[in-house]
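Here is the structure we will look at, set down as C-alpha cells.
Every number here is computed from the coordinates shown, using simple stated rules; none is lab data. Treat the numbers as computed from the prediction; the structure is a model and nothing was measured. Cβ coordinates were reconstructed from backbone atoms using ideal geometry, including for glycine residues, and neighbour counts include every protein chain displayed.
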Amino acid sequence: MKFRTGTLYTQKMAHLYGRATSSSCLWCHQPDSKIHMLSGCQSASIQKMVTEKHNIASRLIIKTFDKGNFGGNIIFIDIGGETRMAQQNLVLPAHVANRALPQWLMANLSADELRSCSRPDAICILPIGTKNGHKKAKKRK
Ligand SMILES: [Zn+2]
C-alpha cells in the first residue's frame, strides 16, 4: 500500500530529508528506490525474505485451491519445504511432488536437471473438458 501511495520510506528519501548520509541501499549499497526495496535488491538476506514472502502467498493460494473441486489434481509444488507448509497448516497428499519436477513430465532431463531447472510454483492437471477449470456461470434473469 505504501508503494502505491508513494509513501514507502526508502534510503533515498531518508537521504533527501537529511536523515541519512547516503541514498544507497544499506544491504547491497546499490542506488535505493521503491522498486529496489521491493524486488530489486540483490542482497542474499533481502532475496531470502522476498522469496519467503512469495512462498507464503503461494501456500495460501494452494491451500485455497486444494479445498476446491480440483485440489486433488495438484501434482507438483515448489512453494517451500515441509516445515514451512506445516506452519501454514498445508498438508498435501503424498502423490504431490515437491521441488523436483516429476520425471515423467520431462523424461529427457536427468534427476539433477529436474532439480536445478526453472520450475513453476505449482502444476495442476485438469480433466479433459475443463479448459478454464470451471464452468461458466449461469446468467440470472
Ligand atoms: Zn539493496
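Counting only residues 5 or more places away or on other chains, whose amide H sits under 5 Å from the amide H of Ile75 once H atoms are built in the peptide plane?
Amide H neighbours of Ile75, under 5 Å, 5+ apart: Ile123, Cys124, Ile125.
Would you calculate, for the chain, the mean residue ellipticity at 222 nm contributed by helices, counting each DSSP H stretch of 4 or more residues as -39,500 (n - 2.57) and dividing by all residues, to the nearest 500?
-9500 deg cm²/dmol
For the pair Ala100 and Glu113, how long in nm is the line joining their label points, each one 7 Å along Cα→Cβ?
1.6 nm
Could you work out the relative contact order of the chain, using alpha carbon pairs under 8 angstrom and six or more residues apart, expressed as a whole percent? Don't jump to the answer; show the numbers that get you there.
On the way: 126 pairs, mean separation 23.5, N = 141.
Relative CO of the chain lands at 17 percent.
What range in the chain is the longest one free of chymotrypsin sites (Phe, Trp or Tyr not before Pro) that are in a loop by DSSP and have at most 13 other Cβ atoms within 10 angstrom? Mind showing how you got there, number by number?
Working: sites that count: Tyr9, Tyr17.
The longest uninterrupted stretch comes out as 18-141.
Using θ = phi - 60° and the Karplus form 6.51 cos²θ - 1.76 cosθ + 1.60, what ³J(HN,Hα) does each residue of the stretch 12-17 get, whole Hz, x for Gly and Pro?
Using θ = phi - 60°, the values come out as 4, 5, 4, 5, 4, 8 Hz.
Angle between the Cα long axis of helix 44-67 and the longest principal axis of the chain, 0 to 90 degrees, nearest 10?
The answer is roughly 30 degrees.
Under 18 Å Cα to Cα from Lys2, which aspartates and glutamates show up? Leave out anything in the same chain fewer than 8 places away.
Asp32
For the stretch 59-135, build the charge dipole from Cβ charges (+1 Lys, Arg; -1 Asp, Glu) around the Cα centre, then report which of His95, Gly72, Ala107 sits farthest towards its positive end.
Farthest towards the positive pole: Gly72.
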